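Asks: My questions all concern the structure below.
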Amino acid sequence: MADARSPRKRGRDARRDDSPPRRRPPPKKQDKVDRKTECPFLLRVFCKRDGHNKIDDYSPTSVPNCEELQLYTWPDCTLRELTDLVKHALSDARRPRCRLSFAVVYPDKKGQTAMKEVGLIWSTNTARSAPEAERKTLRDLRFQTGDFIDCAIHFPKINGPG
């Protein structure tokens, strides 16, 4: 006769045979942020004309010596919203046919500074439907507090005489 106080099963066999297997719940899709109740975070944007800053300009102790914008925003901020904020602060970005190229500057897994270009946005929105790059949010870009945004402002080429 088996004893009622038999030793407990361990490891894989610890689960009762009739219990369902454990599964992770599917990840929830992040909804829009309630901007009335959630606090914004500081976003440091470094703007340079005619190209991005060099990756060597970013280090743990220093940042590029160029125009810096300190903006407060939320994780659901799109690149179009970011373009409008830059245009509001810098008059050069309001010129017709001007393009803004955005890159995220972040520490990689080894602790080295890395830069990834994430979108090119026209300063004037002439398209009826926004291109995919304009709809990208900071959350979509996996932006984390403490990362930087590098913004290159490209002006149209002016053809000279002859």
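Asks: Going through Asp17, Asp92 one at a time, which residue ends up being open to solvent by 60 Å² or more (accessible area, probe 1.4 Å), more than 26 Å from Asp140 (Cα to Cα), among the acidic types (Asp, Glu) and modelled with pLDDT under 90?
Replies: Details: Asp92 fails: open to solvent by 60 Å² or more (accessible area, probe 1.4 Å).
Being open to solvent by 60 Å² or more (accessible area, probe 1.4 Å), more than 26 Å from Asp140 (Cα to Cα), among the acidic types (Asp, Glu) and modelled with pLDDT under 90 holds for just one of Asp17, Asp92, which is Asp17.
Asks: Here's a follow-up. Looking at region 40-59, can you tell me whether even one residue there is of a type in the set (S, T, N, Q) and open to solvent by 70 Å² or more (accessible area, probe 1.4 Å)? Give the steps one after another, and end with the answer.
Replies: As a first pass, look at region 40-59 and keep what is of a type in the set (S, T, N, Q): 53, 59.
Then keep just the ones that are open to solvent by 70 Å² or more (accessible area, probe 1.4 Å); that gives none.
Looking through region 40-59, none of the residues is of a type in the set (S, T, N, Q) and open to solvent by 70 Å² or more (accessible area, probe 1.4 Å).
Asks: Could you check region 116-128 and list, in sequence order, the residues that are open to solvent by less than 60 Å² (accessible area, probe 1.4 Å) and modelled with pLDDT of 90 or more?
Replies: Val118, Gly119, Ile121
Asks: When you look at Pro131, is it loosely packed, with under 13 Cβ neighbours inside 10 Å and more than 13 Å from the chain's Cα centre (by Cα), yes or no? Full working, then the answer.
Replies: Details: loosely packed, with under 13 Cβ neighbours inside 10 Å: no; more than 13 Å from the chain's Cα centre (by Cα): yes.
So Pro131 does not fit the description; no.
The values are calculated or read from the model by the stated rules, or taken from the named source; none is laboratory data. For clarity, every value in this text was computed on a predicted model and none was experimentally measured. Virtual Cβ from ideal backbone geometry, glycine too; neighbours counted across all protein chains shown. When the accessible area is computed, the model is the full protein with side chains, heavy atoms only, and any ligands, DNA or RNA have been set aside. Shrake-Rupley method; radii C 1.70, N 1.55, O 1.52, S 1.80 Å.
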